[in-house]
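The structure under discussion appears below in the form of structure tokens.
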Amino acid sequence: MEAASVVKSVIFAANQYLNHKADKNCLYLQQQLEILVGITVPHSGKSLKFFNPKHLQPTECLTTIVDILCDPHTKPSLLLSCITLLHNLVSDDEIRHCLHDSFHITPALAGILKTQGSAGDILSTECVSLLQKVTYGHNLNFQENYMEDLITYTVRQIHGPVHDLTLPSLGLLVNLCRDNFAVQSYLKNSRNIKDLYKVLVSYLSDQNLTVIILALSIITSLSLQEDLGGKILNAKNINQTFQMIFNILMKSDTGVTRGYAVDLFRDLLRNPKIQQSLSRFDRLGSCLENILNLIAASTSESVIKVFELLLLFCRVEGLRSTICKCVLATSPLHDNEYVVQTLRQPVEEVKEPLIATVHWAGQSTDSHHKAPLYALDFLSEFYEELIYSNTRVHYSIHADLVLPTVLHGLQDPPDQEQAESRRKCFKMVKVIQLLTVFAGEEDTKKKLCKLVDMSLFSGLLEHQFTYNRVALRCNKVVSPEEDWSEYGVDVVLCVLELMEKLKKSLPDVDALFCSTLQDSRLVPFLSAGMTSKDRSRVQTALRMITTASALENFPVVLLGDTIAANNTRQHERLTSSPTLEWQQVRTHSQSVAQYNKENIPLGNHRQKQEPVNQDASINSIIERMQSGLQTTFQGYMSEIKASEIIDIYEHKLQSLQNKEDQLQDLLDAKALALSQADRLIAQYRSRRAQYEAEAHKMRSMVQSSEKRSEQYREQLNDVILRGEHLQNDLEQVNQEKQKLEEVAAEHKQLTVAYMELSEKYESSEKSLLCLKQEHKTLMEMHEMLNKHNESLKQQHDVASEQLSKLSKQLMEKASELTQTQLMLEEDHAKAKKEQETLEDCLDKIRANLDSTEKAKKKLEQKVVTLERSLQQNEEELKEKVEVIRELKSNVDKHAQIAALIHSLSSGKSDIDSVKT
């Protein structure tokens, strides 16, 4: 998947989420962000050039992400995804500076910490870590609303127990305190400053090297200029501090720790006493050798900090010679074949610091950014010390391995309007300045003359005369990052300075030098150098003008007009309301000046050794210009006609020049307007594409809705027809409902009758239970009688023998038995009457059952048509029918029981008669 398409999908998902914050849109945006995070993972070998914030899509993507971060209702999971993406993007310095300056990411992250951050939370840890990276190297304004809350939050995390937030909080506090007097005063005047000092001092004994460096950096920022700083960094402790920082530089495995250690050295060396202590440090030589060995063992990002530290030491008095001695001690002499083979290998396999520095200097700025520039600065410092000091040891031999590699950097001229072209042009300036250092001594000058010729200088100058915006006065406005015209001016001036030193050794170069000084195309570069804010650029331009003023055809008048026009344009830009583009140009020029100030322009040491009186040089220039004008006027007086023609042409040229300046001013204003219009057009096109896509979706949705509406119309007609049918059915149902209501009334009457029958049934059921109990007792008696009958059978034989004897007694008792028989007959008659009554009841029940069955049949015929409305009643009726059936069975059983009772009673009477 292409990176541009991924960025587009993220923009679309973010806009969709911002317009409608649903869970579905949030989940889709997180998925797209995860894809973009996978593409932008640092150290994965993939470049972040596609995410250049100067382009429209990355700008819109970052804008939407910042909007999401600023929204207090955003979910923590989505915030964490956005912060993870920004973590990957800030690995590129250009994107990191742009996030801080243009997109104002710092207040958004501070707001997240204030609203949603809590100690121990992953979101808070990632947010503070991102703030540490974004604020590094930036001086924040204390007047911002979020500053006090951010400082309070950071100090609170430092005071608490050690956790994941401690390390990034220390780094953030270091960034806030460095070179910020307002933040330092706020912390010093706070109530818990003593507790803060105690915590920071306790961190100095921590096992984590980064924590030690950060704590010491905060202590240095807060107390270096006070009595407390003098007590902590006194003569006894300063050597231990130096040794600790050097050890951390050697043992640190991250570029962050090494960067903060170098920044700590920069803060400490602002104090003159500490500079003297460092120059008297006993183990400085061995520590410098270890630092030099880091050049080969570092990446392109961390080696920049190593070179910064070495260049920082070079500005300390007496340390540059010590560094040179350490370089020579650790870099033995080799033949050219060994050097060439070593330079072809990766830098990790190089052992000598000098060859490793040359290796870095020969790398491209496209892949390694600022590392080749710092390497060239260090080489310039190194050879300046060797050539201009009294200890000239082997610099001529070492030049053989440096010159071929350095000259290769002049073979790749910068392209037009590209961000990489600015670094290429800056590298060419550094290379030419290093060659100028080599041209300061005879031996190295001879070697340099063997490797260069007139074509090299003519090619460099022609490229600048042809493509530089200063010479072309290009109307198109570009961003300061893509404009390399200022460095192109430095290229021309440095080439002229180098040609001036080599003109005696190379006659062709001398002729080219003189012809170039008299070329009118050089005038814009000289005027740009004279009106520049850079001191070294102005001095170089003055030296070239001083040399060129002695030549006959030097265009003095044109130079004066050009300088005046430049001053006028600068004055108008300062007096008029500045636009955003020119503010960026001014800030960029300040950053360039700061970079040149930090990275030691090559003329600094030579100015110390060869002081120049500026007033005297200016007076000499004026005298030469006047003498040159007098000689030209004397020559022109001899030819009056030529002078008149020259005056006319000069007047016309001057008027044309004024018109051209006015047109140039108008074109600059138009160019600014056009640039803004181009941006608006680009935004309009992107939005128009989005709107067209949305319109296409709307068209498709309208078409689908029309189709659905037609279907709905057909369905509506069907529904209307069905409604008419249902209306007729409803009338019929109402009629049936009236009939059913009548049936329901009858049913209520039947239910009442049924309740009465059920009550009677319950009473009969109770009586039946009683009869069952009696039946059980009779069955028990029957069993007993059976047993007794068996015993009687056994006794029958005995009884038969005794019958004769008892016959008489029986006769006596016959009268008694007749009486008992009469009584039993009466009982039997009563039982018959009861049986008859029960039979009558059964007949009545049977008649009722017949009537209920007939009613049931009628009701079933009626209920069939009303099954849905009377389903419950039907179930009840079925239950009642079952109950009636059970009653029938019970009645049958009851009849059987009655018959059984009758048979038992008759059997009992027979037994009694037998007993008697």
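The values are calculated or read from the model by the stated rules, or taken from the named source; none is laboratory data. Being a predicted model, the structure only gives us computed values, none of them experimental. Neighbour counts run over all protein chains shown; Cβ positions are idealised from the backbone, glycine included. In case anyone asks, the SASA skips ligands and DNA or RNA and just uses the protein heavy atoms, side chains included. Shrake-Rupley method; radii C 1.70, N 1.55, O 1.52, S 1.80 Å.
Just to be sure I follow: if Rg is taken over the C-alpha atoms of the stretch 245-322 and Rh is the Kirkwood radius over the same atoms, what is Rg/Rh?
Rg/Rh for the stretch 245-322 comes to 0.94.
Rg and Dmax over the alpha-carbon atoms of the stretch 117-187 stand at 11.5, 32 Å.
Pairs to check: K24/K75; K75/K114; K273/K533; K857/K878; K8/K707; K766/K854. Give those whose C-alpha atoms are more than 21 Å from each other in this structure. Correct reply: K273/K533; K8/K707; K766/K854.
E853 contributes about 80 Å² of solvent-accessible surface, heavy atoms of the protein only, 1.4 Å probe. The modelled label-to-label distance for the pair L27/D510, using points 7 Å beyond Cα in the direction of Cβ, is 8.3 nm. Sorting the segments 287-297, 764-774 by their residues' average number of neighbouring beta-carbon atoms within 10 angstrom, most packed first, yields 287-297, 764-774. Among the chymotrypsin sites (Phe, Trp or Tyr not before Pro) within the stretch 709-778, not one is in coil by DSSP while having at most 12 neighbouring Cβ atoms inside 10 Å. When the charge dipole of the stretch 751-856 is built from unit charges on Cβ atoms (+1 for Lys and Arg, -1 for Asp and Glu) and taken about the Cα centre, the candidate among L757, S791, S815 whose Cα reaches farthest toward its positive end is S791. Accessible surface ranking for M811, M823, 1.4 angstrom probe, highest first: M811, M823. Note on S458 and K501: the extension gain reaches 13.9 nm, defined as 0.36 nm multiplied by sequence separation minus the Cα-Cα distance.
Can you tell me, using C-alpha contacts under 8 Å and at least 6 residues apart, the relative contact order of the stretch 31-139 as a whole percent?
So the answer I get is 29 percent.
If you sort F181, F50, F457 by accessible surface, 1.4 Å probe, largest first, the order is F181, F50, F457. For D827, the solvent-accessible surface with a 1.4 Å probe is about 90 Å², rounded to the nearest 10. Taking all protein chains together and rolling a 1.4 Å probe, I122 ends up with roughly 110 Å² accessible.
Test of understanding: what is the full-extension gain from N15 to V162, defined as 0.36 nm times their sequence separation minus their Cα-Cα distance?
Roughly 48.9 nm would be gained on extension.
A Förster radius of 60 Å combined with the Cβ-Cβ distance from A673 to E741 puts the calculated FRET efficiency at roughly 0.10. Between Q411 and H788, 0.36 nm times their residue separation minus their Cα-Cα distance comes to what? That works out to 121.5 nm of additional length.
Annotation for the stretch 248-267 versus the stretch 697-742: alpha-carbon center distance of 81 Å. Once the C-beta distance of D71 and E731 is scaled by a Förster radius of 60 Å, the resulting FRET efficiency is 0.45 to the nearest 0.05. A 1.4 Å probe over all protein chains sorts D453, D267 by accessible area into D453, D267, starting with the largest. Across the stretch 775-790, coupling constants 3J(HN,Hα) worked out from phi with the 6.51/-1.76/1.60 Karplus curve, θ = phi - 60°, read 4, 4, 4, 5, 5, 4, 5, 5, 4, 4, 5, 4, 4, 5, 5, 5 Hz, and Gly and Pro carry x.
Bridgeable lysines around K446 (alpha carbons under 16 Å apart, same-chain partners fewer than 8 residues away excluded): K501, K503, K504.
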